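Heads up: the structure comes next, in structure tokens.
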Amino acid sequence: MKCTLRENRLIFRCIVASALAAVPAAGVRAQVSVPQSYVIPPADLACILTGNRVDLQCLIANDPDFKRIRAEEAGLFNEALAAARSNTLDPFHQIETLGKLEIFDPRLSVNSNLACSFCHDPAAGYGNGASILSVFTGGANPGSVPITVHGAYPNNRMAKRNPQSYVYSPYFPPLQYNPTQGDFYGGNFWDGRATGYRLMNSAAEQAQDPPVDPEEMANPDTACVVWKLSTGSYKAFFEQVWGRGTLDIAWPGNVATICSTPKGAASLGGSATPLALSSIDRTRANQAFDEFGQAIAAYEISPAVSAFTSKFDLFLSGNGTLTAAEARGYDLFRGKAQCNTCHLDGRSNTGGSGAADTGAATNVAPMFTDFTYNNLGLPRNPVLPWYSENTPDQWGFTGNPLGIGFTDTGVGLFLGGYYGPPPNLSWGQLEPYFEGKFQTSTLRDTAKVPYPNFVKAFMHNGYLHSLKEVVHFYNTRDLYAQNVPSGQCRVGTIEKVTCWPRPEDPNNMNMVIGHLKLTDAEENDIVAFLGTLNDGFVSATPTARPAIQRKPTTPPPS
Amino acid sequence: MRSRHLILPLAAACFVPAAVYFALSRPPAPPAISSFAGPERIVEPPELESATDTTAFIRWTATSVSGTRERYGIVHYGTAPDQLTLSARSPTRWNSAFPTMVFRVHLHGLQPATRYYYTVESRQAVGEPDQLDSPVGRFITAPSP
């Protein structure tokens, strides 16, 4: 076993490499499970390769979901630009609008071809918006950089996980360890690595990651994002929000060349700051990059993204009722199925015989998450192209040198040093207790789809393809557990129906779930309830309020 | 599949500096106050929920009135009743409205068609083990398929 990597990655690399022996070295050509209702769009047929792989360049050019997303993206960008130029926005709406411009701006990627919204489709609840990817890549999206090495799969750099919805993500507090509970609370990302420790805002710090993630927007230097802002269509608006001169930086002559070279390119020599800036300009660029992130968080927390307008919100306010199926589902959610152990619903639990539920909501704006991390025991999803990204691309960059030997240990990667040492070094020792754990998602907008037959990918690795599958997994994970990898369930059993392959990481697997003894009808009721968490049920504009009787003011003395 | 007792020695063999290895293997320091780890009582005794050739689930129910949200069920097991030298640990979360708490522990890496003996224990996420009086149970794994 070789452990020759840089110090900060040493622990993790050695551990994971030791798992290699146990994993079959054979290819990753997994079976894909195509939901019955799903028909591959005709435009995509030519993009499906043997072994259930997909030609990503072909999809980027032809897939109808991609076209829809790009059109919506351009519409929203132009809407924001018009608002910015209208000169009518109050300070509150200015920063929100700036965030909106940034989120829908493909120019901010190294090849000017990929906006945040490409992977976070508003119509899909700000998660992956391409059905074809849910089925064939676990929901993982292509980044800005195509791979042109002959015969390479995937033929585009791809992120390692299913894009996590960012609805309500600014409501997650900065990550902290609570010593009384022995637990982590808060943070952004499936593994909590956007801690928010520097800006005291997890979402703002999260927004600083995709622009320089080699698999995503791939800018070689954070200052390249600032350079693009300083040369773009809303430069003046950025300075209106953050102050005149914010973007006054003396750029080196080679700025255009460097900023069009993708992160990870061998020619950059491993430097994270290839743009040569004076120390004052570097500080200014860093500051503007912080402000870039803060504006994005402002948009994410705005009613456009995190609206509190679901049917359930109306129900909590005492002004709405649930259908019979939704109400049964809700009782199961906080009773027999125990979903609200982790996905807090703001109410007390009716499950125990001694429980007293007055029916009153203790919190009328619940997040449907307790902000903790858990290992649900999901199987490895072998269709993730990440497992194949183990050879250098034309830039000399290799996303995942471990290939199929990579184990996604979630918070374990973060605490174990995969991304460099955690910002709080004392957290490193907690790795054994958090290995395998992922962020408890908010369930708000999780049921949101752009159109009825859309296939959504759920969970960090997109292994599950419908809410029915999600609930069935929670219900029967342990009842139908088989010690096999995905694609190899025993004859007579059906994967995801009567067979659940072994967990990718068996350590710290949570045991509240796995054997809930729900009937098929009860599963369906829970699915119906989850639909009540979609925003947009109530109109988002402030409604008429009763007139307030004001005391007549005495007229000023004339 | 790897398991914890395998990983640590392997990590050490990879020349991880001793300090790092120590830090990695040491549980977090218990808090000064341990008084709320109240007396737990088993109300439904440990039993085998299900087993395959290499895995098993053991479950029991205990009164659970206080302590951390996350708790660990721990099963000490082995192939002879006086040699329970192996252990498996699974977290679960307490839902505060339930008067009792079901612990379930996932054992993996077992030998097919083998009889195992076990006792159980539970722990808070931090701090003292709960005081449990566990009988010795047993089960047999399924033959290889």
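A compact table of results
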read-out: Computed magnitude of the charge dipole of segment B:42-140 (debye, nearest 20; Cβ of K, R +1, Cβ of D, E -1); value: 240 debye
read-out: Under-5 Å amide H pairs with residue A:54, H placed in peptide plane, nonlocal only; value: A:49
read-out: Residue A:267-residue A:520 FRET efficiency (beta carbon distance; Förster radius 60 Å; 0.05 resolution); value: 0.55
read-out: Within straight-line cross-link reach of residue A:67, aspartates and glutamates at Cα separation under 15 Å, skipping those fewer than 8 residues along the same chain; value: A:44, A:121
read-out: Karplus-derived HN-Hα couplings along segment A:528-534 (A = 6.51, B = -1.76, C = 1.60, θ = phi - 60°), whole Hz, x at Gly and Pro; value: 4, 4, 4, x, 6, 9, 6
read-out: About the Cα centre, charge dipole magnitude for the protein assembly as shown (Lys/Arg +1, Asp/Glu -1 at Cβ), debye; value: 340 debye
read-out: Note, ³J(HN,Hα) from phi for segment A:425-436, Karplus 6.51, -1.76, 1.60, rounded to Hz, x at Gly and Pro; value: 5, 5, 6, x, 5, 8, 3, x, 8, 10, 4, x
read-out: Under 13 Å, Cβ to Cβ, from residue B:67 - net charge with Lys/Arg +1 and Asp/Glu -1; value: -1
read-out: Label-reachable residues, segment B:106-144, where backbone N falls under 18 Å from a point 7 Å from residue A:424's Cα toward its Cβ; value: B:125-127
read-out: Per-pair calculated FRET efficiency, R0 = 22 Å: residue A:123 and residue A:57 via Cβ, rounded to 0.05; value: 0.40
read-out: Set of lysines with alpha-carbon distance to residue A:496 below 28 Å, sequence-local pairs under 8 removed; value: A:160, A:336, A:437, A:448, A:456, A:468, A:517
read-out: 5 angstrom amide H check on residue A:481, placed H, neighbours 5+ away; value: A:500
read-out: Relative contact order for segment B:42-140, counting Cα pairs under 8 Å that sit 6 or more residues apart, in percent; value: 32 percent
read-out: Hydrodynamic radius of segment B:42-140 per Kirkwood, over alpha carbon pairs, in Å; value: 13.7 Å
read-out: Karplus 3J(HN,Hα) series, Hz, for segment A:217-222 with 6.51 cos²θ - 1.76 cosθ + 1.60 (x for Gly, Pro); value: 7, 6, 5, x, 8, 4
read-out: Pairwise label distance in nanometres, residue A:177 with residue A:490, each label 7 Å out on the Cα-Cβ vector; value: 4.2 nm
read-out: Computed magnitude of the charge dipole of segment A:446-525 (debye, nearest 20; Cβ of K, R +1, Cβ of D, E -1); value: 140 debye
read-out: Per-residue [θ]222 nm for the protein assembly as shown (sum of -39500 (n - 2.57) over DSSP H runs n ≥ 4, rounded to 500); value: -7500 deg cm²/dmol
read-out: Förster radius 35 Å - calculated FRET efficiency between residue A:74 and residue A:49 (Cβ-Cβ, nearest 0.05); value: 0.75
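Just so you know, all these numbers are worked out from the coordinates, no wet-lab data involved. None of these values were measured; they are calculated from a predicted model. Counting neighbours? That spans all protein chains shown, and the Cβs are built from the backbone with ideal geometry, glycine included.
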